Structure formats: structure tokens, C-alpha cells
Amino acid sequence: MTDELKPMPSPNRLVHEPARLAILTVLSSCASADFVFLQGVTGLSKGNLSVQLTNLETAGLVVITKEIIDKKMRTTVRLTDRGGSEIAEYWRTMDAIRASMKGERRRRAPANPGRLLPEPAV
Amino acid sequence: MTSKAKALPGVETVQQQARTPNSSSEYGTTPNLKKIRYLTEHFRQLQGLDSVVFGAFWAFYELVPWGPWVFLWFVVLGIGLACSRCDYFEEYYQWRFGWNEPPKNRELESNGHLVSFAVVLALIVLRWLGNKIGCPELWLRTIVLFGFVCDLGWSRQRFVNPRNAYLLPAILAVIFVYTYPTLHPPDSAHTAFWKALTDLVMPVFLIVVGLCDHLLLLRLMPKRISEDDYDG
């Protein structure tokens, strides 16, 4: 197999989705966060955030805890060990993709630099 | 969306309704992860309203001369401290922006604001003691500045930290106000001015930095969560 046919490392689709990536980024930067904080930081709508959290919980990446504080329900979300390792693995994969793209660009650049010039207007 | 889907009359409307403009991620674009990470890590530091209240009380305390009413001013200051650190602001920030728990290994970093606050409190006590034991005030003020410099140093992303835009100039201004009269003693006409300036610079510093912290938090997290939304 030549270098050109080497498969790209593919990121985890569950983590790669932007809304879930934003949620996991928040949770990887703190020990736990409540629903209101997640909603404010990520800017997701209540329904979307709820659905994404359920997806992440089903996949075993987060733990959702509900407790009543001052007669109000507080939903707290925490990253599981698996969630932590998944997000770390995701960033490693992205770094590998970035590095391979950089290498590819460097390899191709000196071959035909004229191709980078814009097409003349007709 | 394919050209076939565009041809269907209902599809476009449903898609437009689904794309509510409250999230970049709901548009399918990459969210600003740097901003998200910064906001999560510095959430406690950006809650600056307690500094504003404390600075205002401190300014009040500085403006009133020491005398037989000193005990009263300590009571007033105590009320100020209680107001600034009581649950009121914590509850407000929790209601307005939510709540997060800092990681176990970075609790001190997240609570750098509190440490600075404790240092400022120590200044008040030391100043009172300093009057008794003749301790130089400049040394005491240096403790306060040291607290804020530590607060600054605890930020891991200090080179891209937006707080630096106002915290660094404010610290430099305080250092200037404290050191200039020492290096170039003012003449008699300006002595009162410099004394007032050195007395009030720290309270003003706390008020300005606290306000800027709060405004930065509002800017980074502008969406107001209504009471109805707070049901988890």
C-alpha cells in the first residue's frame, strides 16, 4: 500500500458532532456542571441539549444526576472515565489528522506551485 | 440539502424553523471551543460583583477619617464583607448563569479570586495593626498586589486571557500610584492629593476589576436563562 492510500484516522462520530463536542468540552474542563450552565455556555436550546445529554448518557460518556435543591430540580452532569478517555482520544485523533494533512500539503506544495495561483479572469 | 428536497414546499420551512439562532452548533458549524473552555475554567474568577461591593465599602471606609468612631466603621466594613460574600451573589450567578464545580486538582486556581479577597481582608487588619506597631503601609499594599498577581499567574491561558486586557493595566496603575510618591515626594501643595489617591486606588481597583469581570462574563455568556427554563 502506498502513502497516498493510507487511511485517515477517523474521529469518533459520537464525539465529533458539534453540539456533543461542545458539551464534552465543557465537562472535560470542570468536575461537573448543571443544565443551566451547559445551556448558557453551549448556546443550545433546552430540547437539543436534553437530547444530546441523553445520547451521551446512553453511550456511557456522561452521568446525569437529578437532585432537588431549595424545592427546585437541579440536573448535574459529570463526565465518566470512559467519557474522559473518549474526548482525549478524539483530540489525539484530530491532532493526527492535522499532522497528516500538514505533511501531505508540504509533500505536494513544491511539485506544482503554479496550481496555487488563481485562474486568470476571462 | 439536495435539489429534490428544495423542490418540496414544506421542507424548507421546517428546516428554517429548526435552525433557531441560539447556537452555532445547531447550524452545523464548529462551536467556539476555546471560548467554551475559557468560560468554564474561569467561571468563578469572572463573578466580580462581590469585588465591586467590597471595593465600594472600602472606599467608604477610606473616605471617613479614623477617630472615635473606628469601631462603627469596622461594623460597616463587616456588613460590607457579609453582603459581598453572602449567598446573595452566589445565588444570583447560579440563577443567571448556572453552576459548575471546578476539577479537584484546580480548586485553588478557580478560587484565586477568593484568595485575593482574603489578602485584601488581611490588608485591612494589618493596616489597623500597622498603626499600632508602626508597620509601613507600602509593604502592606504590596501584599494586596501580590494577591492579584498570583490570581493572574494562576490562569493557565494567561497569554490569551481576556482578563489581562484590564487586569494588567489596573495593576500597573496601582503600582505607579504607590511607588511614584515614594520615589518623587510631592510638594506640600500636592501632598493631600497623593494621599487621597493612594488611599482610594485599591478600592477603585477592586470596583473596576470587579465590574470588568462581570461585563466580560455577560459578553461571553449573553443569553439570559429565564425562570421557566430552570427546570433541568
Considering every residue in B:33-41, what mean count of other chain Cβ atoms within 10 Å of its Cβ is obtained? 5
Counting other Cβ atoms within 10 Å, keep those with at most 10, restrict to DSSP loop, and tell me which trypsin sites (Lys or Arg not before Pro) in the range A:1-81 are left. A:K71
Which of A:K72/B:K35; A:K46/A:K102; A:K102/B:K35; A:K66/B:K34 exceed 27 Å between C-alpha atoms? The answer is A:K72/B:K35; A:K46/A:K102; A:K66/B:K34
To the nearest 0.05, how large is the calculated FRET efficiency for B:W95 and A:A96 if R₀ is 45 Å and r is the Cβ-Cβ distance? 0.60
Fewest-first ranking of B:W194, B:W99, B:W58, using other Cβ atoms within 10 Å as the exposure measure: B:W194, B:W99, B:W58
Which distance in Å, rounded to a whole number, links the C-alpha centroids of the range A:24-58 and the range B:165-207? 45
For A:R78 and B:T179, what is the calculated FRET efficiency with R₀ set at 35 Å and r taken between the beta-carbons, to the nearest 0.05? 0.15
Going fewest to most other Cβ atoms within 10 Å around each Cβ, A:S45, B:S51 line up as A:S45, B:S51
Expressed in nanometres to one decimal, the distance between label points 7 Å along Cα→Cβ at B:L200 and A:I69 is 4.0
Could you tell me the calculated FRET efficiency between A:L14 and B:Y166, based on Cβ-Cβ distance and R0 = 41 angstrom, to the nearest 0.05? 0.55
Provide B:S188, A:S50, A:S10 in ascending order of the number of other Cβ atoms located within 10 Å of each residue's Cβ, fewest first. B:S188, A:S10, A:S50
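Quick note: the coordinates plus some simple rules give every number you see, no bench work behind them. Just so we're clear, the structure is a prediction, and the values are computed from it rather than from any experiment. Here the Cβ is made from the backbone with ideal geometry for all residues, glycine too, and neighbour counts use every protein chain on show.
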